[in-house]
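The values are calculated or read from the model by the stated rules, or taken from the named source; none is laboratory data. Please read all numbers here as calculations on a predicted model, not as lab measurements. Counting neighbours? That spans all protein chains shown, and the Cβs are built from the backbone with ideal geometry, glycine included. Side chains are part of the model used for accessible areas, which takes the heavy atoms of the whole protein and leaves out ligands, DNA and RNA. Shrake-Rupley method; radii C 1.70, N 1.55, O 1.52, S 1.80 Å.
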Amino acid sequence: TEDTKFVRMFLDEARITVALEHPNIVQVHDLGEAEGQYFIVLEYVDGMDLRRLMIACEEAGTTFPYKHILFVVMEALKGLSYAHQARDRDGQPLAIVHRDISPSNIMISRGGSVKLMDFGIAAAAIAKWDNDPGEILGKFRYFSPELVSGVQVSPQSDIFAIGAVLYELVTGDPLLLGADFHAVKDELRAFDPEEAIDRDLSIPTPLEPVLLRALATDPADRYESAEEFLGDLTDHVFEDRIRISATDFAGFIADLEDILSHLEEREVEDMGEPPSLSLDLIDAPPDDDLSASRSLSLGDGRSRTEVLEWRFPRGTDATAFVP
């Protein structure tokens, strides 16, 4: 509450999400302030995020079944399509771009429902806050090429991120392999979706053209909308007679219940440890600005990392900007 920028971000999340009523988006029920502390009342989803479910599969020594991968991504695309097309009560577009699509922001209920969450850094017409020039927010493994090039984000940035999630679910490996933000930024500058698809032979042939379009380097070459992306996956499901349902997906989750419960207990234990903080200052020529990146990694060897990049006038004490 001492940082007005983050208060605006917090309030924006409530303003944006409260305007969205869709079964594939976690609902905001209330926003308030008590004794100087702001709070959001969210829909309770009995389950886990997609990242934890992926980890449970790894620990069980099983692959994430293809039919369930398609179900999860298709349900997430339904929520994203709705958000992108949402309008206010006067019929004006809300112009929402999530900007932080990743497995940890896709919630899975034990009943098999799929819901997008965490619109905390979303861009929208009703948002009071936006990031400063040169500041990049989100999870770097799901950044689109234009995001690191300073181009304004669009719905196509979210489509790239969901494409990256789909790629990771199918192959078991992240689309972007760089060990840190700066490596990923270099990787994105030379990114070629065909090379990414060619390096893994486990990608089903009918899915290749879908991924190529979702992960196109130029946003103009990607799907025009999440609905169009969803349409191609729907065609694939029908043409190849792939049975998908929330009931089947719930049964798969139930088979992993013991491992999921263990992971949840472990995460609770990890919460007692402070997050590690790394500040990376990069030398620059005297006439350039100094850049810094902050990453927070929350235990257990998992890649729960948030990266922000600032640019400072030379001579600034960059550490003063890192809480």
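When the stretch 86-113 is filtered for residues that are farther than 24 Å from V170 by Cβ and free of Cβ contacts under 8 Å to residues at least 60 places away in the same chain, the ones remaining, listed by number, are R87, R89, D90, G91, Q92, P93, A95. Taking the listed residues E264, E168, E208, the one that is of a type in the set (D, E, K, R), part of a helix (DSSP H, G or I) and either in contact with a Cys (Cβ under 9 Å, 6 or more places away or on another chain) or loosely packed, with under 14 Cβ neighbours inside 10 Å (or both) is E264, with no other qualifying.
In a residue-by-residue description of the stretch 22-32, the property of being at pLDDT below 90, under 15 Å from M107 (Cβ atoms), open to solvent by 70 Å² or more (accessible area, probe 1.4 Å) and within 19 Å of the chain's Cα centre (by Cα) applies to no position. G150: farther than 18 Å from E227 by Cα and modelled with pLDDT of 90 or more, yes or no? For G150, the condition - farther than 18 Å from E227 by Cα and modelled with pLDDT of 90 or more - is not met.
The rows are residues; the columns are (1) assigned to a loop (DSSP other than H, G, I, E, B); (2) within 16 Å of the chain's Cα centre (by Cα); (3) modelled with pLDDT of 85 or more; (4) hydroxyl-bearing (S, T, Y).
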position	(1), (2), (3), (4)
S81	no, yes, yes, yes
D90	yes, no, no, no
D100	yes, yes, yes, no
S104	no, yes, yes, yes
G120	yes, yes, no, no
S144	yes, yes, yes, yes
Q156	no, yes, yes, no
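Remark: pairs (first residue in the stretch 13-30, under 18 Å from R89 (Cα atoms); second residue among the aromatic types (F, W, Y) and part of a helix (DSSP H, G or I); Cβ separation under 8 Å; 6+ apart in sequence or on different chains) = L20/Y82; H22/Y82. In the stretch 33-45, the condition of being outside any helix (DSSP H, G or I) and crowded, with 19+ Cβ neighbours inside 10 Å is met by no residue. Of all residues in the stretch 223-244, one or more are among the hydrophobic types (A, V, I, L, M, F, W, C), open to solvent by 40 Å² or more (accessible area, probe 1.4 Å) and at pLDDT 95 or above.
The condition of being hydrophobic (A, V, I, L, M, F, W, C) and either open to solvent by less than 70 Å² (accessible area, probe 1.4 Å) or within 26 Å of I259 (Cα to Cα) (or both) holds for F64.
Pairs meeting the criteria (first residue in the stretch 186-209 and within 27 Å of E239 (Cα to Cα), second residue assigned to a helix (DSSP H, G or I) and β-branched (V, I, T), beta carbons under 7 Å, at least 6 apart or on different chains) are D200/T171; S202/V170; S202/T171; I203/V170; I203/T171; I203/I197; L207/V170; E208/I197.
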